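The values are calculated or read from the model by the stated rules, or taken from the named source; none is laboratory data. All values derive from a computational prediction rather than experimental measurement. With ideal geometry, Cβ positions are generated from the backbone for all residues, glycine too; neighbour counts draw on all protein chains shown.
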Amino acid sequence: MHHYKEPELTGRIVTPNEFQYNTDRLDFNTFFNKFPLVIVYAQKTRDVVNAVRWARYWNVPIRIRSGGHSYEALSVLNAGIVIDVSEMTQADIEYKCGTAIVQTGLRNIALYRILGAEGLVVPSGVCPTPGIGGVTLGGGHSILSRPWGLTLDHLLELEMVDANGNIIHASNDHNADLFWASRGGGGGNFGICTSFRFRTHRIDTVGFAEISWDLKYLKPVLKTWQKYTTPCADERLTPTLFMASGQQTSLLMQGVFLGSAKELRNLLKPLLQAASPQKVTIEEIPWLEAVDLVAAKQPSTPLPFKSVGPYLYHLLPEEGIATTQRFINEAPPDSTFSVFLHGLGGAVAKIPSWSTAYIYRKALSNMSLFATWSKPEGAAAGIRWVEDFRQAMLPFTKGVYVNTIDLSIEDWPDAYYGTHFKRLTQIKAKYDPENIFRFPQSIPPATDF
């Protein structure tokens, strides 16, 4: 590719000699400390095009950032260009078609609020601050997953800047292979997404549940909770379960239910009887209030952490529950070790696994292992705990959610993509043959072309 004149960088440009560089170069995971050559905050698609062309002209490696929530801080790098779309936050609602065109820099919570003000929703994650770009491209587990499916199940079309700095579109009838790969292939592999068109749902009030127990009841609560994720459980309820020890001790269930508080209370009887709760809230509230209550229990400010999210395909047997309890009770005092279980299935499982790159359709839940620490010397123990825990759960889990990228997984193509990996490498070879968009554990281009 030859440009005879040097392409110009446009957008808001931050270089190492500017005072905001030191905060701008940080990702959500503050364990990492990287020093990019330049950070470009794109304001429009054209800025992304120019940044890609500039990077190609100077042969500078590229990383793409939206929310900056990459678990291994892969959205920043030393001595490269970070193309950041977080300031591209326009959303246009097309009322007639019940769709929304949204730029990829919006955060989960912002998308919920913009659409929620109009009585609409695109289910998009539980943490408030991840960018919807990464959430969507990897999957998108939300508190509405069981009735309505993944975030990527609502994607109708996307706009992307490719490795040559060209703007391309993908949907079911245009670049359909790229569209398939972009629904579960993970962010940053094929190009830089600049806008999405989503199908929306109407939403008003919802049933909301929040139940807490003393952590000593982990076993009976977990055993009963997981029954709400089976194919025969009521799909109108998406349940989560949070278990934590160390600096913060917690055992907390939350759920959003598309139905009345009375039905919800009835549905939750087995869980309420599993152990005596400390506090019980079961009510009908506006959807946006539920969003805030769910977000409140998630980390919202940058912190040092290690995390990974394998899938559960079966209910945990006694042994699996005992293993979970053992690891949860291990946290040293200056850290917090936690598990976040997210009920899936329902509408997620109704879509055949081959129809999008997201392969874990039949999982009952995702099990996110999470360690954070308050002193730098706690890092090694936290990282070790997550890896040991992941290994100990291998008999009970299958695969790993690509949005919980983990560089310690050796056979990562199988863990994230299973039997879809080969096809993803072929699509990569078509859209990014020179592997311009690469990072640790990125999809390589197939060489058998």
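Quick one: is Val76 in a strand (DSSP E or B), surrounded by 19 or more Cβ atoms within 10 Å (Cβ to Cβ) and in contact with a Pro (Cβ under 9 Å, 6 or more places away or on another chain)?
Spelling it out, it is not the case that Val76 is in a strand (DSSP E or B), surrounded by 19 or more Cβ atoms within 10 Å (Cβ to Cβ) and in contact with a Pro (Cβ under 9 Å, 6 or more places away or on another chain).
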From the list Val291, Val339, Val348, exactly one residue is among the hydrophobic types (A, V, I, L, M, F, W, C) and more than 19 Å from Phe242 (Cα to Cα). Which is it? Val348
Within the range 370-392, count every residue that is out of contact with any Lys or Arg (no Cβ under 6 Å at 6 or more places or on another chain) and surrounded by 20 or more Cβ atoms within 10 Å (Cβ to Cβ). 7
For the range 407-432, what are the residues that are touching a residue at least 40 places away in the same chain (Cβ under 8 Å), out of contact with any helix residue (DSSP H, G or I) (no Cβ under 6 Å at 6 or more places or on another chain) and outside any helix (DSSP H, G or I)? Leu407, Asp432
Could you run through the range 304-320 and say how many residues are under 30 Å from Leu26 (Cβ atoms) and over 17 Å from the mean Cα position of the chain (by Cα)? 1
Among Ala91, Ala73, Ala55, Ala42, the single one that is among the aliphatic types (A, V, I, L, M) and more than 24 Å from Gly138 (Cα to Cα) is Ala55
For the range 138-233, which fully contained strands (runs of 3 or more DSSP E) count at least 3 residues that are closer than 29 Å to Lys422 by Cβ? 155-161, 167-171, 192-199
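Filter the range 92-109 for residues that are of a type outside the set (S, T, N, Q) and part of a loop (DSSP other than H, G, I, E, B) and give the result. Before the answer, list the steps.
Pass one, the range 92-109, residues of a type outside the set (S, T, N, Q): 92-98, 100-102, 105-107, 109.
Across the range 92-109, the qualifying residues are Tyr95, Lys96, Cys97, Gly98, Gly105, Leu106.
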Residues (of a type in the set (A, V, I, L, M, F, W, C), buried (at least 20 other Cβ atoms within 10 Å of the Cβ) and closer than 30 Å to Ile109 by Cα) located in the range 293-330: Val294, Phe305, Val308, Leu312, Ile328
Considering only the range 379-398, state which residues are over 18 Å from Ser70 (Cα atoms) and either in contact with a helix residue (DSSP H, G or I) (Cβ under 6 Å, 6 or more places away or on another chain) or in a helix (DSSP H, G or I) (or both). Ala380, Ala381, Arg384, Trp385, Asp388, Phe389, Arg390, Gln391, Ala392, Leu394, Pro395, Phe396
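Inspect all residues belonging to the range 3-24 and state whether any of them is hydroxyl-bearing (Ser, Thr, Tyr), surrounded by 23 or more Cβ atoms within 10 Å (Cβ to Cβ), modelled with pLDDT of 95 or more and part of a loop (DSSP other than H, G, I, E, B). Don't jump to the end; show me each part of the working.
Taking the range 3-24 as the starting set, the residues that turn out to be hydroxyl-bearing (Ser, Thr, Tyr) are 4, 10, 15, 21, 23.
Among the residues that remain, those that are also surrounded by 23 or more Cβ atoms within 10 Å (Cβ to Cβ) are: none.
No, the range 3-24 contains no residue that is hydroxyl-bearing (Ser, Thr, Tyr), surrounded by 23 or more Cβ atoms within 10 Å (Cβ to Cβ), modelled with pLDDT of 95 or more and part of a loop (DSSP other than H, G, I, E, B).
Only one of Pro440, Pro376 is on the phi < 0 side of the Ramachandran plot, out of contact with any helix residue (DSSP H, G or I) (no Cβ under 7 Å at 6 or more places or on another chain) and at pLDDT below 95. Can you tell me which?
Details: Pro440 fails: at pLDDT below 95.
So the residue among Pro440, Pro376 that is on the phi < 0 side of the Ramachandran plot, out of contact with any helix residue (DSSP H, G or I) (no Cβ under 7 Å at 6 or more places or on another chain) and at pLDDT below 95 is Pro376.
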When residues of the range 110-137 are filtered for being of a type outside the set (Val, Ile, Thr), assigned to a loop (DSSP other than H, G, I, E, B) and over 22 Å from Phe242 (Cβ atoms), how many remain? 3
Of all residues making up the range 262-276, the number that are without any contact (Cβ under 8 Å) to a residue 60 or more places away in the chain and either among the polar types (S, T, N, Q) or not assigned by TED's automatic domain parsing to the domain that holds Pro220 (or both): 2
Test result for Arg56, farther than 30 Å from Ala117 by Cβ, charged (D, E, K, R), under 19 Å from the mean Cα position of the chain (by Cα) and surrounded by 16 or more Cβ atoms within 10 Å (Cβ to Cβ): no
